[in-house]
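These notes are about the structure you will find just below.
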Amino acid sequence: MSTGNHQSGQLTNVEAVRLVAAREMSVRLRSKAFLILLGITAVAFLAVPIITKLAASGPTTQHVAVVRSDADYGRQLEGLADKLHQKVAVTEVADQAAGTAAVRDGKADAFVVSHGADGTQVTVQKSLPDSLQTLFSFAGAAEQGPPPASQQVHATTLEKTDPQQGQKIAIAITAGLLMYLILMTVGQMVAQGVVEEKTSRVVELLLATIKPWQLLAGKVAGVAVVGAIQLVVPGVLGLAVGMADGQLSVSLSASVGSLMWTLAWFAAGFWLYAMIFASAGAMVSRQEDLGGVMAPIMMPLIAGWVVAISILPTNPQSGIAEVLSFVPLTAPVLMPMRWALGVAPIWQVLVALALTLACGVLVLRFAGRVYRNSVLRSGARVPLREALKAA
């Protein structure tokens with residue numbers, strides 16, 4: 001008899017999975033734990049752009065180097081900075097080579113030479129801050145009268161960078177952090193749910209009418225929707241605030257694109273990790289025993305996040321990060337960050353996504369067997385070798 005018909009009152013595969021998923025979503029979405037976690041993450045990602053802006057708006061001393069022949073110009077800069085409520089410390093250097101070296105060594109934020117009517121020449125490491133741009137423009141106007149804006153300040157950078165690199169890093173870190181937190185918390189939610197059902201004997205009632213793999217698939221699908229909500233809501237709020245207050249000038253399509261790719265990676269990563277977490281939960285009968293079986297599962301996720309946060313922001317082209325972004329267990333954290341940073345071509349994203357999905361399909365076979373052989377057994381922890389035996 002086919003499993004896809006209604007003979008003998010049996011549910012079809014799709015109906016069984018949908019019913020379990022609906023039950024899981026109903027329970028999780030109404031739980032206090034979900035609402036509290038969603039509220040905390042939403043407030044946190046709303047607050048981050050605001051706190052960043054407030055912290056950046058505080059007065060910081062900027063160091064400007066001038067040659068000794070421009071000493072009077074340097075004193076003018078300090079006086080004008082005071083009127084503009086800026087903190088600027090001017091240092092005199094012997095010549096242009098010494099000024100450039102001061103910028104390169106980080107001893108000065110800018111080396112400036114006033115050329116009178118020809119404007120002002122500024123040397124900076126990466127980019128000229130807006131506050132110094134305004135200061136030098138006003139100083140030039142005070143000396144010669146307001147010349148055309150394009151002639152006021154000529155900036156030379158010692159290190160060529162993407163002007164939006166800082167914003168891309170912020171988006172990448174946000175995407176990686178969201179992915180790491182949601183996979184970690186929601187994955188454990190799956191394992192804890194399995195143990196709760198074993199302890200309360202609910203699983204025995206469910207398996208009297210549906211098959212183990214249907215229960216497993218429905219549980220994973222239901223919790224996936226819950227996790228997607230916890231991913232999308234903070235992400236959208238954070239992007240909205242960042243773009244509204246002007247901190248994010250990256251195009252809307254690029255920002256939304258990063259969020260959508262993160263969501264796609266969440267689906268692939270959660271599919272893979274949820275199966276493993278669920279089978280781990282099926283192997284134990286007490287919440288206290290979960291830590292021992294979940295620790296090895298979380299290690300690749302933690303390793304991926306450590307590499308992502310410690311290497312990618314300063315070295316987006318890192319070889320080790322590129323290699324690990326293709327490994328299915330670390331790719332869900334690393335590849336969205338590399339995409340947001342603009343260093344991962346589309347073919348790499350698609351190949352890594354295909355590998356992760358393929359690994360998920362492979363894991364499903366083993367996870368389903370472990371779940372089927374373990375979920376009805378109570379008492380001591382079920383050894384992995386025994387759980388993997390064919391029924």
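The values are calculated or read from the model by the stated rules, or taken from the named source; none is laboratory data. For clarity, every value in this text was computed on a predicted model and none was experimentally measured. Note: ideal-geometry Cβ built from the backbone for every residue, glycine included; neighbour counts use all protein chains shown.
Matching residues to (1) under 21 Å from G360 (Cα atoms); (2) in contact with a Leu (Cβ under 6 Å, 6 or more places away or on another chain):
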{"position": "M260", "(1), (2)": "yes, no"}
{"position": "A264", "(1), (2)": "yes, no"}
{"position": "A267", "(1), (2)": "yes, no"}
{"position": "M275", "(1), (2)": "yes, yes"}
{"position": "E288", "(1), (2)": "no, no"}
{"position": "G291", "(1), (2)": "no, no"}
{"position": "A303", "(1), (2)": "yes, no"}
{"position": "A308", "(1), (2)": "no, yes"}
{"position": "R338", "(1), (2)": "no, no"}
*asked:* Return the pair list, or none, for Cβ contacts closer than 6 Å from residues in the stretch 300-324 that are touching a residue at least 24 places away in the same chain (Cβ under 8 Å) and more than 13 Å from V343 (Cα to Cα) to residues that are among the aromatic types (F, W, Y) and not in a loop (DSSP other than H, G, I, E, B), at least 6 apart or on different chains.
replied: W305/Y180
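Please enumerate the residues belonging to the stretch 84-116 that are of a type in the set (G, A, S) and more than 14 Å from H63 (Cα to Cα).
Start the filter on the stretch 84-116 by keeping residues that are of a type in the set (G, A, S), which leaves 89, 94, 97-99, 101-102, 106, 108, 110, 114, 116.
Once the filter is applied, which keeps residues that are of a type in the set (G, A, S) and more than 14 Å from H63 (Cα to Cα), the stretch 84-116 yields A94, A97, A98, S114, G116.
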*asked:* For the stretch 277-286, which positions are more than 19 Å from L362 (Cβ to Cβ) and at pLDDT 80 or above?
replied: none
*Kindly provide the set of residues from the stretch 341-363 that are closer than 19 Å to L301 by Cα, buried (at least 21 other Cβ atoms within 10 Å of the Cβ) and modelled with pLDDT under 90, ordered by number.*
G360
*Taking the residues in the stretch 310-320 that are at pLDDT below 90 and part of a helix (DSSP H, G or I) as candidates, determine which candidate is nearest to I173 (Cα to Cα).*
S310
*Taking interchain pairs and intrachain pairs at least six residues apart, which have beta carbon atoms under 8 angstrom, with the first residue in the stretch 340-356 and in contact (Cβ under 8 Å) with a residue 60 or more places away in the chain and the second not in a helix (DSSP H, G or I)?*
L341/L312; L341/P316; G342/D162; G342/P316; T356/P328
*asked:* Just to be sure before I move on: is F366 of a type in the set (F, W, Y) and either outside the structural domain of F270 (by TED's automatic domain parsing) or modelled with pLDDT under 80 (or both) in the structure I sent?
replied: yes
*Can you name the residue in the stretch 81-118 that is basic (K, R) and part of a helix (DSSP H, G or I) and, of all such residues, is modelled with the highest pLDDT?*
R104
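I'd like the full set of residues that are touching a Leu at 6+ places or on another chain (Cβ under 8 Å) and under 13 Å from A264 (Cβ atoms), limited to the stretch 340-356.
The one that is touching a Leu at 6+ places or on another chain (Cβ under 8 Å) and under 13 Å from A264 (Cβ atoms): T356.
Take L239 and tell me if it is in contact with a Ser or Thr (Cβ under 8 Å, 6 or more places away or on another chain), more than 16 Å from L183 (Cα to Cα), at pLDDT below 70 and not in a helix (DSSP H, G or I). Step through it out loud before you land on a result.
Numbers: in contact with a Ser or Thr (Cβ under 8 Å, 6 or more places away or on another chain): yes; more than 16 Å from L183 (Cα to Cα): yes; at pLDDT below 70: yes; not in a helix (DSSP H, G or I): no.
When the stated conditions are applied, L239 does not pass them.
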_Cβ contacts < 6 Å: first residue among the polar types (S, T, N, Q), restricted to the stretch 124-136; second residue outside any strand (DSSP E or B), any location; separation 6+ or different chain. Result?_
Q125/V103; Q125/L158; Q125/E159; S131/Q86
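What about V220, is it in contact with a helix residue (DSSP H, G or I) (Cβ under 7 Å, 6 or more places away or on another chain), in contact (Cβ under 8 Å) with a residue 60 or more places away in the chain, in the same structural domain as V20 (by TED's automatic domain parsing) and buried (at least 19 other Cβ atoms within 10 Å of the Cβ)?
On the way: in contact with a helix residue (DSSP H, G or I) (Cβ under 7 Å, 6 or more places away or on another chain): yes; in contact (Cβ under 8 Å) with a residue 60 or more places away in the chain: no; in the same structural domain as V20 (by TED's automatic domain parsing): yes; buried (at least 19 other Cβ atoms within 10 Å of the Cβ): yes.
Spelling it out, it is not the case that V220 is in contact with a helix residue (DSSP H, G or I) (Cβ under 7 Å, 6 or more places away or on another chain), in contact (Cβ under 8 Å) with a residue 60 or more places away in the chain, in the same structural domain as V20 (by TED's automatic domain parsing) and buried (at least 19 other Cβ atoms within 10 Å of the Cβ).
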*If you check W305 against the conditions, is it aromatic (F, W, Y), in a helix (DSSP H, G or I) and at pLDDT 85 or above?*
yes
_Test for L46: is it part of a helix (DSSP H, G or I), assigned by TED's automatic domain parsing to the domain that holds L231 and either modelled with pLDDT under 80 or among the basic types (K, R) (or both)_ = yes
